[in-house]
Amino acid sequence: MDARILTTAIEHETDIIVARQRTRTIAAKMGFDAQDQTRITTAVSEIVRNALEYAGGGRIEYRVRDVGLAQMLEIVVFDKGPGISHIADVLAGRHRSTTGMGVGIVGARRLMDDFAIDTAADSGTKVVLGKRLPPRARRVMPKVVAGICETLAVEERLDPINEIRNQNREALIQLGELQRRQEELEQLNQELQDTNRGVVALYAELDERADHLRRADQLKSRFLSNMSHEFRTPLNSILSLSRLLLDRVDGELTAEQEKQVTFIRKAAENLTELVNDLLDIARVEAGKVVVTPKEFTVGDLFGALRGMLRPLLVGDAVTLVFEDPKAPLPLITDEGKVSQILRNFLSNAIKFTERGEVRVSTMHDAEKGTVTFEVKDSGVGIAPEDIGAIWEEFEQVANHLQGRTKGTGLGLPLAKRLATLLGGSVSVESVPGQGSTFRLTVPRVFVGAREEAAVTVEWKLEPDRLPVLALEDNAADAFSIERALAHSRYQAIPARDIAEARRVLERVTPSAILLDVMLATEESWRFLIEMKHNDKTHGIPIIVVSTTDEERKARSFGADDYISKPADPGRLIRALDAVTGSHSVTKVLLVDDEEMSRYVVRQLLPRGAFDLQEAATALDGLQKAATDVPDVILFDLKMDNIDGFAFLERLGKAEKLSHVPAVAITSMHLGENDRRRLARSAKVISKHELTTDVLVGAIRSALDRVGSPAP
């Protein structure tokens, strides 16, 4: 239903109080709770006050109407005033009133569910305010409307002082609610701070433990490597002397002596095998194993394996079968490491198969670009609970053949590491008593070889930047270097291998070289020495960026600096500044009283190229700028105590800071007058549009404006 409840005139100041009283009464009778009554009363009083103040009066009308299945209380305020010429600015929140706060209409719209305004210079203004009845309220029928009208007719007009008391009471209730929420927010903020401190402490502990683990791993690898080398000399002597004795070089041996020497030689051979496996594992873990991809076919690989493994077959109980692929299957990877993995699989299969066969086959997955080698035996098999243990160092599965076929327990762990190094994986399926199937899957083309065969990345010299040759074959590390230098004065020129680096040097003389030592197919130590002994290149600074932990060796070969991976962007640029004698780090001072805004800028600004200092107030910003003069200042326009306009004026009056360019960052909509006041600012950027490119572009624009070198 649509029904009019009441119409009343707005002529005097007291009519505002009367409107508040009647609005509250109608809202209460229609089932609105106390909070909604306050919202509706506040919105109506703001619009009525505007009608009286700007139009000299008007009238207010209360209605109830159906909105679908629901109902709405509708209050319409009419006036015959001059209208509102800047209504768009008012509704957008851009208008600043000279007689009030300028938020009456906007505030009323936020408090109500429905809001409409119609204004014109010749017909005045009409404002429609609507609030939907709460779901729990009873439906308003004609009888209810009649009851509301009777209540309003007999209700005495409230004393203005009494209404003001009610208004103050509502304000106190709202203030109390705000204070309670403020206390909850402070408590929540304290809990978040405590949580953050706990997280920081946990990260610090994790970093410390990770550092201990790294050092322990390095010590283990160093110990294994050193001890393996130390063991080899006496073992080689034992093997050589035992061979002399068994060959009767110095005379005959008795049968018992020959038996004893044979045992000695067998023990030395087993220990040598253990030492070799330990040394291989240590080299893999230390990152000192170099993958050397070359092209070969599966047929050639199988032919070599047949010859090497034939001596392991004793009698005719076990047959070794190689299934050659029907068509030639070429691979481009490290043949020696693939052969080493398969030899390990095959030797284990032969050892633990009493009778039957050991079969080797291949499968090519063209879609994934991989080749899978399969070694299947009919031996003793492995129990499901022991499958995981076979890939662990020094773990051996007990079986009835263990006594005569002892191993080192390192072969399968080494095979797994080598497969990972090749970009592949190993797996096994086994049933006790029926045999096992070991698989090796590797990319048909090793990733380093694929990158080597790829088209060389094209690059152009940028005239305002210093070229830096970055010799790095790892795509992720190369991307990190490029990103670190992206917003600095240095231009990264990539090279994936030494051959490509030489081609770069033929085209340009770089200001510096970033050198990775362990490349996929080669080491670059010789290249470093060559660069430092060549008359044309000895003056080019070289910074070694590596995981080898061999800083002393790098400096002894002539490196100007050494940085461990992963390279920190700031450390990288400071090192380039030091070796090139340049200054590329821009000092930026950010002045903003909002922690969230400072956090956003902190994350967006590239750390390597910019040194960011922060101030939470304008006064703190002025003090920090005077103490350490920045290259550029970023400041917020809307700050407490001293706003951005006053802050900019004080900068201009300070002798040390008058030349420092400034960039305004704001979420405000600026009018023409505000922009004229910001004439000294190089650029004004919106907080809503902040990106790294926008931020860096504004800083460069500011520096260019005053003639400072931009990074």
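The values are calculated or read from the model by the stated rules, or taken from the named source; none is laboratory data. Bear in mind that the values here come from a model prediction, so they are computed numbers and not experimental data. Backbone-built Cβ (ideal geometry, glycine too); neighbour counts: all protein chains shown.
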Say we look at segment 44-93 and pick out the residues that are in a helix (DSSP H, G or I) and of a type in the set (Asp, Glu); which of these is nearest to residue 132 (Cα to Cα)? 46
Those residues that are at pLDDT 70 or above and loosely packed, with under 13 Cβ neighbours inside 10 Å, I need them from segment 311-322; list them, please. 316, 317, 321
Reported set for segment 25-60 where residues are free of Cβ contacts under 8 Å to residues at least 60 places away in the same chain and among the basic types (Lys, Arg) is 49, 59
If you scan segment 190-244, which residues turn out to be modelled with pLDDT of 70 or more and of a type in the set (S, T, N, Q)? 190, 193, 195, 196, 237, 240, 242
Segment 665-678 residues that are in contact (Cβ under 8 Å) with a residue 24 or more places away in the chain and assigned by TED's automatic domain parsing to the domain that holds residue 593, paired with ones that are part of a loop (DSSP other than H, G, I, E, B) and crowded, with 16+ Cβ neighbours inside 10 Å (beta carbon under 6 Å, 6 or more apart): 666/637; 668/637
Quick check on this structure: which one of 477, 464 is surrounded by fewer than 22 Cβ atoms within 10 Å (Cβ to Cβ), assigned to a helix (DSSP H, G or I), at negative phi and charged (D, E, K, R)? 477
Looking only at residues that are closer than 16 Å to residue 74 by Cβ, in contact (Cβ under 8 Å) with a residue 24 or more places away in the chain and not basic (Lys, Arg) in segment 114-134, which one is surrounded by the fewest Cβ atoms within 10 Å (Cβ to Cβ)? 134
Considering only segment 492-523, state which residues are in contact with a Pro (Cβ under 9 Å, 6 or more places away or on another chain), among the small types (Gly, Ala, Ser) and either closer than 20 Å to residue 574 by Cα or surrounded by fewer than 18 Cβ atoms within 10 Å (Cβ to Cβ) (or both). 492, 511, 512
Got a sec? Which strands (runs of 3 or more DSSP E) wholly within segment 289-395 have at least 2 residues that are more than 30 Å from residue 548 (Cβ to Cβ), acidic (Asp, Glu) and in the same structural domain as residue 418 (by TED's automatic domain parsing)? 356-365, 370-377
Give the residues of segment 645-664 that are part of a helix (DSSP H, G or I) and in contact (Cβ under 8 Å) with a residue 24 or more places away in the chain, sorted by residue number. 645, 646, 647, 648, 650, 651, 652
